[in-house]
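The values are calculated or read from the model by the stated rules, or taken from the named source; none is laboratory data. Quick caveat: nothing in here was measured; it's all calculated off a predicted structure. Cβ placement follows ideal geometry from the backbone for every residue including glycine, while neighbour counts extend to all protein chains displayed. Each accessible area value is taken on the protein alone, full model and side chains, heavy atoms only, with ligands, DNA and RNA left out. Shrake-Rupley method; radii C 1.70, N 1.55, O 1.52, S 1.80 Å.
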Amino acid sequence: MTAKITVSLKPGVLDPQAKAIGHALEVLGFEGIQETVVGKIITLKLAESDAAKAKESVTQMCETLLANTVIENYQIELLP
Amino acid sequence: MSIAVLRFPGTNCEFDMLHSFKLLGVESHLVWHQEKELPKGTHLVVIPGGFSYGDYLRSGAIARFSPIMQAVIRYAKEGGKVLGICNGFQILVESGLLPGALRRNENLHFVSKFQKLAVVSNNNPFLREYAVSETLNIPIAHADGNYFIDAKGLEELKENDQILLTYQGENPNGSIESIAGVCNKEKSVFGLMPHPERAMEPLLGSVDGARMLRGLAC
């Protein structure tokens with residue numbers, strides 16, 4: 001089973017990188033961008049085949065290391 | 001009595017720290033990140049600047065789980081004094097020994113220059129040789145120095161006199177309330193972005209860091 005983890009800054013925490021990317025797109029002439037969010041994707045290939053157990057263990061990994069929950073949110077997607 | 005200066009893969013200010021303590025006539029030793037215990041008789045732990053573990057994932061995020069940091073966390077919980085400079089500050093917030101987090105500088109640049117600082121509080125072992133509101137001139141050199149803490153946390157910092165240093169003039173990294181350094185509630189753990197070890201001799205352009213390290217070391 002594969003776990004795809006997306007880590008991004010919490011809403012309300014100013015993200016200068018996302019702002020710079022949004023601005024660059026505007027400068028290039030792309031219109032209508034309402035919001036830009038930058039995150040990182042961490043993909044883990046797991047030996048575990050039980051989805052509930054995998055979710056539990058990946059959640060723990062996020063809380064311990066993968067995300068700094070003071071400023072970041074994480075989303076876990078499990079793929080077979 | 002001696003000072004433990006930690007060394008991770010990627011640390012690059014450890015020899016400046018040893019040199020600074022030598023100037024002050026105090027004994028200090030390097031301690032490798034794989035060590036499980038601090039040397040007996042350690043009276044101060046210094047986590048110097050650099051790029052521990054290449055800043056992978058987040059600055060300080062991986063160093064925080066090294067064997068020596070488990071010993072430092074135990075040492076700090078027993079009231080031992082810990083000073084974290086730049087990357088050391090990042091490791092201290094990642095390890096939960098200090099509140100808040102350090103984010104990418106608001107202007108996205110690596111900022112390296114002399115910076116004017118204001119002493120906010122001297123009611124602690126770290127800045128006791130300085131006067132409140134005194135202006136210091138100490139170099140900064142970082143990309144992730146944008147201190148963040150939520151509104152409730154900020155209130156607590158103020159109530160407990162935990163904000164020790166702020167940037168004067170233009171804020172170089174976008175940190176909340178221009179915060180440059182904070183300590184824990186017990187005033188035994190201090191983290192700051194500026195580098196006092198780079199302001200130790202007239203030759204370096206400033207001696208404003210000397211009283212901080214002397215106050216701690218002696």
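Among the residues making up segment B:1-17, a single one is touching an Asp or Glu at 6+ places or on another chain (Cβ under 6 Å) and among the polar types (S, T, N, Q): B:SER2. When segment B:108-125 is filtered for residues that are more than 14 Å from chain A (Cβ to nearest Cβ), among the aliphatic types (A, V, I, L, M) and open to solvent by less than 50 Å² (accessible area, probe 1.4 Å), the ones remaining, listed by number, are B:LEU117, B:ALA118, B:VAL119. I need a count of the residues in segment B:188-218 that are farther than 30 Å from A:GLY12 by Cβ and touching a residue at least 12 places away in the same chain (Cβ under 8 Å). Number satisfying all stated conditions: 21. Can you find even one residue in segment B:93-102 that is in a loop (DSSP other than H, G, I, E, B), in contact (Cβ under 8 Å) with a residue 24 or more places away in the chain and touching a Ser or Thr at 6+ places or on another chain (Cβ under 7 Å)? No: segment B:93-102 contains no residue that is in a loop (DSSP other than H, G, I, E, B), in contact (Cβ under 8 Å) with a residue 24 or more places away in the chain and touching a Ser or Thr at 6+ places or on another chain (Cβ under 7 Å). Looking across B:SER59, B:SER20, one residue alone is within 30 Å of A:GLU63 (Cα to Cα), of a type in the set (S, T, N, Q) and in contact with an Asp or Glu (Cβ under 6 Å, 6 or more places away or on another chain). It is B:SER59. Out of (1) more than 11 Å from chain A (Cβ to nearest Cβ); (2) more than 17 Å from B:ASN12 (Cα to Cα); (3) in contact with a Leu (Cβ under 7 Å, 6 or more places away or on another chain), the odd one out for B:GLU134 is which? So B:GLU134 meets the others, but not (3).
Check segment B:35-42 and report whether any residue there is hydrophobic (A, V, I, L, M, F, W, C) and closer than 19 Å to B:ASN87 by Cα. So far as segment B:35-42 goes, no, none of its residues is hydrophobic (A, V, I, L, M, F, W, C) and closer than 19 Å to B:ASN87 by Cα.
When residues in segment B:123-159 are screened for being aromatic (Phe, Trp, Tyr) and over 16 Å from B:LEU98 (Cβ atoms), 1 of them pass. Based on what the data block shows, is B:ASN105 under 25 Å from B:ALA151 (Cα atoms) and away from every other protein chain (no Cβ under 14 Å)? It is false that B:ASN105 is under 25 Å from B:ALA151 (Cα atoms) and away from every other protein chain (no Cβ under 14 Å). Set side by side, the residues B:LEU18, B:LEU38, B:LEU30 differ, and just one is modelled with pLDDT of 95 or more, part of a strand (DSSP E or B) and closer than 22 Å to B:ALA76 by Cα, which is B:LEU30.
On the stretch given as segment B:49-75, residues that are out of contact with any helix residue (DSSP H, G or I) (no Cβ under 6 Å at 6 or more places or on another chain), among the hydrophobic types (A, V, I, L, M, F, W, C) and touching a residue at least 24 places away in the same chain (Cβ under 8 Å) total 6. Being open to solvent by 10 Å² or more (accessible area, probe 1.4 Å) and outside any helix (DSSP H, G or I) narrows it down to one of B:ARG211, B:ARG128, so name that one. Testing whether each residue is open to solvent by 10 Å² or more (accessible area, probe 1.4 Å) and outside any helix (DSSP H, G or I) leaves just B:ARG128. All conditions in (1) surrounded by 12 or more Cβ atoms within 10 Å (Cβ to Cβ); (2) farther than 22 Å from B:ILE62 by Cβ hold for A:GLU35, with the sole exception of (1). Please work out which residue is nearest to the other protein chains (Cβ to nearest Cβ), limiting yourself to segment A:60-77 and to residues that are open to solvent by 50 Å² or more (accessible area, probe 1.4 Å) and under 20 Å from B:ASP55 (Cβ atoms). Of everything passing the filter in segment A:60-77, A:VAL70 is nearest to the other protein chains (Cβ to nearest Cβ). The number of residues in segment A:6-40 that are over 28 Å from B:ALA151 (Cα atoms) and within 14 Å of chain B (Cβ to nearest Cβ) comes to 2.
Considering the conditions (1) touching a residue at least 12 places away in the same chain (Cβ under 8 Å); (2) surrounded by fewer than 15 Cβ atoms within 10 Å (Cβ to Cβ); (3) closer than 25 Å to B:LEU108 by Cβ, A:PRO80 is excluded by exactly one of them, (3). Surrounded by 11 or more Cβ atoms within 10 Å (Cβ to Cβ), modelled with pLDDT of 95 or more, within 30 Å of B:GLY153 (Cα to Cα) and more than 14 Å from chain B (Cβ to nearest Cβ), is that true of A:GLU56? So A:GLU56 fits the description; yes.
Could you check, for segment B:66-75, whether at least one of its residues is more than 13 Å from chain A (Cβ to nearest Cβ), among the hydroxyl-bearing types (Ser, Thr, Tyr) and surrounded by fewer than 14 Cβ atoms within 10 Å (Cβ to Cβ)? Among the residues of segment B:66-75, not one is more than 13 Å from chain A (Cβ to nearest Cβ), among the hydroxyl-bearing types (Ser, Thr, Tyr) and surrounded by fewer than 14 Cβ atoms within 10 Å (Cβ to Cβ), which makes the answer no.
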